[in-house]
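K.L.:
Supplied in structure tokens, the structure appears directly below.
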Amino acid sequence: MMRMTVVFSLLMIFFLTGCTQKEIVLPQSEKEVSIRFSQTVSLSQQGISIQFSELVDDSRCPAGVACIWEGEVTVKLQIRISDREPEIAILGLSPRPEVAQSYEAGGHTFTLKEVNPYPVHGKTTRLKDYSVVVEIQ
């Protein structure tokens, strides 16, 4: 009975810690941050937090395929400055000029630099494997 209780307790700890949203606090000097899908990154001294909340679209031409155009990728970020309500930024990497790559909030500019991994022909990427690199100025 004791063994069963220990196993049950360990399983509960595993599930509870595995389901929490991870928040990473970075030093103030950090200018580019890498954020995994559904993760929140905070620059505490600047009062900034950014969450990669949604992969809106990924139509980039996969590696190993010849495409007519390179495609584009669009993500949704939630940006919170201090105690304000979070702002939603839809940013993309695209050859089309109407797709915004940068967003301004609270006197800072947030620029999408990368969305990883790059698609590969014949390979499905799970949402949890995506990450973005955002430059903050």
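K.L.:
Hey, rough spin-label estimate for Glu85 and Val56, points 7 angstrom out along Cα→Cβ, what's it come to in nanometres?
P.N.:
1.9 nm
K.L.:
Once the piece of chain linking Cys67 and Glu114 is laid out straight, how much longer is it, given 0.36 nm per residue of separation minus the C-alpha distance between them?
P.N.:
Full-extension gain reported as 14.9 nm.
K.L.:
When the Debye formula is applied to the Cα atoms of the range 27-137, each taken as the same point scatterer, what base-10 log of I(q)/I(0) results at q = 0.10, 0.11 Å⁻¹?
P.N.:
-0.30, -0.36
K.L.:
Still on this model: In nm, what is the difference between 0.36 nm times the number of residues separating Glu98 and Thr125 and their Cα-Cα distance?
P.N.:
Full extension from Glu98 to Thr125 adds 7.1 nm.
Bear in mind these aren't lab numbers, they're just calculated from the coordinates by the rules spelled out. Owing to the predicted nature of the structure, the values given are computational and were not obtained by experimental measurement. Positions of Cβ are generated from backbone atoms using ideal geometry, with glycine treated the same way; all protein chains shown enter the neighbour counts.
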